[in-house]
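To keep things clear, I will list the structure first and then write my remarks on it.
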Number of protein chains: 2
Amino acid sequence: MQQKRLTAVLEEMKKSKIPQLIITDPATIFYLTNHWILPGERLLALVISTYGTKKMVISKLFPIEENLGVDLIYYDDVDDPIKIVEQYVDKDQKIGVDKNWPAHFLLRLMETIPYENFVNGSAVTDSVRAHKDSKELDLMRSVSKDNDQAVEQLSQLISKGLSEKEMAVELAKIYKNLGNSGFSFEPIIAYGANTADPHHITDDSTVKPGDSVTLDIGGVKNSYCSDMTRTFFYKKVSPRGQEIYEIVLEANKRAIEKVKPGVRFCEIDAAARDYITEKGYGDYFLHRTGHFIGIECHETGDVSATNTSLVEPGMVFSIEPGIYYPQEKVGVRIEDLVIATKTGVENLNHFSKDLQIIQ
Amino acid sequence: MQQKRLTAVLEEMKKSKIPQLIITDPATIFYLTNHWILPGERLLALVISTYGTKKMVISKLFPIEENLGVDLIYYDDVDDPIKIVEQYVDKDQKIGVDKNWPAHFLLRLMETIPYENFVNGSAVTDSVRAHKDSKELDLMRSVSKDNDQAVEQLSQLISKGLSEKEMAVELAKIYKNLGNSGFSFEPIIAYGANTADPHHITDDSTVKPGDSVTLDIGGVKNSYCSDMTRTFFYKKVSPRGQEIYEIVLEANKRAIEKVKPGVRFCEIDAAARDYITEKGYGDYFLHRTGHFIGIECHETGDVSATNTSLVEPGMVFSIEPGIYYPQEKVGVRIEDLVIATKTGVENLNHFSKDLQIIQ
């Protein structure tokens, strides 16, 4: 077990008055044990309590050779793992379960444990995970440094006439050569009109002169994720393209400048959104300004108008304003990852944000 | 709505005495509506009942332009979609929810609806989905025909000295050229000792003379999945490699011959397993003989020692016995997809199963 992290979770459990947790999210289990266990449909549960329980219920198909500092309770496919989990919880006390635990497991547990004892316990572990320790921050810096190089290498291929999907295949090779284990999310590679859809799915389109080109990409290294967006123009840029590029860039900078402990996330969102609105494009900025990131590309926590919580040191999140203008088939998003430090902000991405026209 | 499929689900609901279902699995929603809606963390729920309810609660971020034949109830990020779902269920009757619905949604619904009214309702939709209609069977034939070609093309690259991961990158291109939209699962490409691990994760290994080479691959076309395994040998084959190849091939054939309506799935499993055991390798056949497949690569239903249910026409599943012999760094798995027809079996894979030594 990562003892410091476990201690932090136990502290948070006490504060939240949830004395026991059934942790089933593989990312949280990795966070606490340094081991990825991907059980597919099979039950995997780390049961911990403020009074000393530390049991992991795990299928025999996923044997652990190392000492995790937790009792391993193996089951095989003829056993009923829910009956095993039941043995390690106090049925008369509140039990936190992970937000995404499949309903069929929870319904089975409720057959013998009063349903009113169950609560969504994810806020406990998510809030601890949101505060990255120094080792995690170093891993975030390292994977983002690779991502700067990945964007640079991929941008050099824009002029080669590859389709968006072919660019994604090349990107897989780039990450591999950088020592990344894969994508942190399906890359969004968009040309022209496709850049005006923030959720565009990479397709067979090819680039044409005048197109905006959005590269929203991330890799994974040592289990931590990168995520960055740059928008380029191919051969030439329209007046509208240049105008919205400059607005989005300024919004990105204003939001980043705002980051420091004690500021509310909604204020960071407003720094970007108000500027874009003031410039007349408020209706074309369709999403929140950013999301938390770490072991998972999207972690709990965001930079949005509804998040009134305060920035604290060690939080890592994206700043990614965008303007999507389908009328003229152009969209621009500029995204960096940042760390909230004790005094302000550290930007993890160093690839230039100046408007670049690819020849 | 796909009216025949909806009718079949409603029939099954009556049989199961579950008058209302909250369907949240995007694959089941696609099955019933012909639309993929991937809502990420946001709630998506198709509420149907045997007394006429047909409502889909959906985020405004995923607007539907076509007429789905169901009332669309849109919500935005400031609404509480659980409160909307609540309005469309009868709180006094049994409610089936999908097996994998995230716990946090279910816990919220239980705040106002008696917990004992909730049951896992997936058996209803899964059993309907397990019986493919003729259109689905044609799609399964088509995507598997492509997979025959994909295995052939990929096998021609074995001698090129590519790493397993590089082979996976080439495979992505092969599927693309075949008009498939992507992988149906992360391909397992394994050389030598890696073939002795049935769950090997494709890595940077390269092929050496004498290696067994396992290609366990599948693509997706028109939303239906293929999945096939062939094992080759590079330059030469050891006596052990040849022996286990012949045993696995015979086990594969015996299991396939067994398939027809009225036979129990455990009998099909036994046809493969008993033969392998008789030949002395029972301890090295580490997994079930097969799994159901369709819109998802792994659907509910399997060919295993514990599945005593009967084969019925229209069911599609894999037959994939294997022997994994780490002592001599060799493993063999041979997998076909089959349809249970009214009178017997149709094999969807036609790529040769003869032992092939790649030069």
Count of residues meeting criterion [open to solvent by 40 Å² or more (accessible area, probe 1.4 Å) and either touching a Pro at 6+ places or on another chain (Cβ under 9 Å) or among the basic types (Lys, Arg) (or both)] in region A:191-205 = 2
Mind telling me which of the residues B:Leu6, B:Leu107, B:Leu46, B:Leu38 ends up being crowded, with 20+ Cβ neighbours inside 10 Å, touching a helix residue (DSSP H, G or I) at 6+ places or on another chain (Cβ under 7 Å) and not acidic (Asp, Glu)?
-> B:Leu46
Does region A:79-96 contain at least one residue that is on the phi > 0 side of the Ramachandran plot and either modelled with pLDDT of 95 or more or not hydrophobic (A, V, I, L, M, F, W, C) (or both)?
-> no
Just give me the residues in region A:34-48 being part of a loop (DSSP other than H, G, I, E, B) and either touching a His at 6+ places or on another chain (Cβ under 9 Å) or aliphatic (A, V, I, L, M) (or both), in sequence order.
-> A:Ile37, A:Leu38, A:Gly40, A:Glu41, A:Leu43, A:Leu44
Limited to region B:67-81, what total is found for residues that are in a strand (DSSP E or B) and under 15 Å from B:Ile29 (Cβ atoms)?
-> 3
Any chance region A:276-294 includes a residue that's in contact (Cβ under 8 Å) with a residue 60 or more places away in the chain, open to solvent by less than 50 Å² (accessible area, probe 1.4 Å), hydrophobic (A, V, I, L, M, F, W, C) and on the phi < 0 side of the Ramachandran plot?
-> yes
Among the listed residues A:Ile323, A:Ile268, which satisfies the condition of being touching a Phe, Trp or Tyr at 6+ places or on another chain (Cβ under 7 Å), more than 14 Å from every other protein chain (Cβ to nearest Cβ) and of a type in the set (Val, Ile, Thr)?
-> A:Ile323
The correct count of residues that are of a type in the set (D, E, K, R) and surrounded by 16 or more Cβ atoms within 10 Å (Cβ to Cβ) in region A:206-239 is 5
Failed item, numbered, when A:Leu286 is tested on (1) within 19 Å of B:Asp77 (Cα to Cα); (2) modelled with pLDDT of 95 or more | (2)
Does B:Glu312 meet the test of being acidic (Asp, Glu) and surrounded by 18 or more Cβ atoms within 10 Å (Cβ to Cβ)?
-> no
Looking only at region A:207-239, count how many residues are free of Cβ contacts under 8 Å to residues at least 24 places away in the same chain and closer than 18 Å to A:Phe351 by Cα.
-> 0
Residues in region A:84-101 that are open to solvent by less than 30 Å² (accessible area, probe 1.4 Å) and within 18 Å of B:Arg108 (Cβ to Cβ): how many?
-> 5
Considering only region B:155-177, how many residues are among the aliphatic types (A, V, I, L, M) and more than 26 Å from the chain's Cα centre (by Cα)?
-> 3
Mind listing whichever residues of region A:67-105 are more than 14 Å from every other protein chain (Cβ to nearest Cβ), in contact (Cβ under 8 Å) with a residue 60 or more places away in the chain and within 24 Å of A:Tyr115 (Cβ to Cβ)?
-> A:Val89, A:Asp90, A:Gln93
Of A:Tyr31, A:Tyr51, the only residue that is in contact (Cβ under 8 Å) with a residue 24 or more places away in the chain and part of a loop (DSSP other than H, G, I, E, B) is A:Tyr51
Just for region B:54-66: of the residues that are outside any loop (DSSP other than H, G, I, E, B) and open to solvent by 10 Å² or more (accessible area, probe 1.4 Å), which one is nearest to the other protein chains (Cβ to nearest Cβ)?
-> B:Lys55
Residue in region B:156-190 that is surrounded by the most Cβ atoms within 10 Å (Cβ to Cβ), counting only those that are within 12 Å of chain A (Cβ to nearest Cβ) and β-branched (Val, Ile, Thr) = B:Ile174
What number of residues within region B:226-247 satisfy the criterion of being within 28 Å of B:Gly179 (Cα to Cα) and out of contact with any His (no Cβ under 9 Å at 6 or more places or on another chain)?
-> 6
Return yes or no: is B:Asp148 surrounded by fewer than 20 Cβ atoms within 10 Å (Cβ to Cβ), part of a helix (DSSP H, G or I) and either in contact with a strand residue (DSSP E or B) (Cβ under 7 Å, 6 or more places away or on another chain) or more than 11 Å from chain A (Cβ to nearest Cβ) (or both)?
-> yes
Restricting region A:114-129 to residues that are surrounded by fewer than 18 Cβ atoms within 10 Å (Cβ to Cβ) and either among the aromatic types (Phe, Trp, Tyr) or part of a loop (DSSP other than H, G, I, E, B) (or both), which is farthest from the other protein chains (Cβ to nearest Cβ)?
-> A:Pro114
Residue list for region A:125-143, restricted to those being over 13 Å from A:Leu32 (Cα atoms) and touching a helix residue (DSSP H, G or I) at 6+ places or on another chain (Cβ under 9 Å) | A:Ser127, A:His131
May I ask you to list the residues in region A:240-271 that are free of Cβ contacts under 8 Å to residues at least 24 places away in the same chain and either crowded, with 22+ Cβ neighbours inside 10 Å or more than 27 Å from A:Glu152 (Cβ to Cβ) (or both)?
-> A:Lys258, A:Glu267, A:Ala271
Qualifying positions in region B:172-191 - charged (D, E, K, R) and under 14 Å from B:Asp148 (Cα atoms) | none
Evaluate region B:130-139: report whether one residue or more is among the aliphatic types (A, V, I, L, M), under 30 Å from B:Lys94 (Cβ atoms) and open to solvent by 70 Å² or more (accessible area, probe 1.4 Å).
-> no
Selection over region B:9-26 where residues are surrounded by 16 or more Cβ atoms within 10 Å (Cβ to Cβ) and touching a residue at least 60 places away in the same chain (Cβ under 8 Å) yields a count of 12
Tell me, yes or no, whether region B:318-328 has at least one residue that is part of a loop (DSSP other than H, G, I, E, B) and surrounded by 24 or more Cβ atoms within 10 Å (Cβ to Cβ).
-> yes
Would you check which residues across region B:295-318 are within 14 Å of chain A (Cβ to nearest Cβ), in contact (Cβ under 8 Å) with a residue 40 or more places away in the chain and over 22 Å from B:Tyr224 (Cβ atoms) and list them?
-> B:Thr306, B:Asn307, B:Thr308
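The values are calculated or read from the model by the stated rules, or taken from the named source; none is laboratory data. All values derive from a computational prediction rather than experimental measurement. Positions of Cβ are backbone-derived with ideal geometry, glycine not excepted, and every protein chain shown enters the neighbour counts. Areas reflect the complete protein model, heavy atoms only, side chains present, ligands, DNA and RNA absent. Shrake-Rupley method; radii C 1.70, N 1.55, O 1.52, S 1.80 Å.
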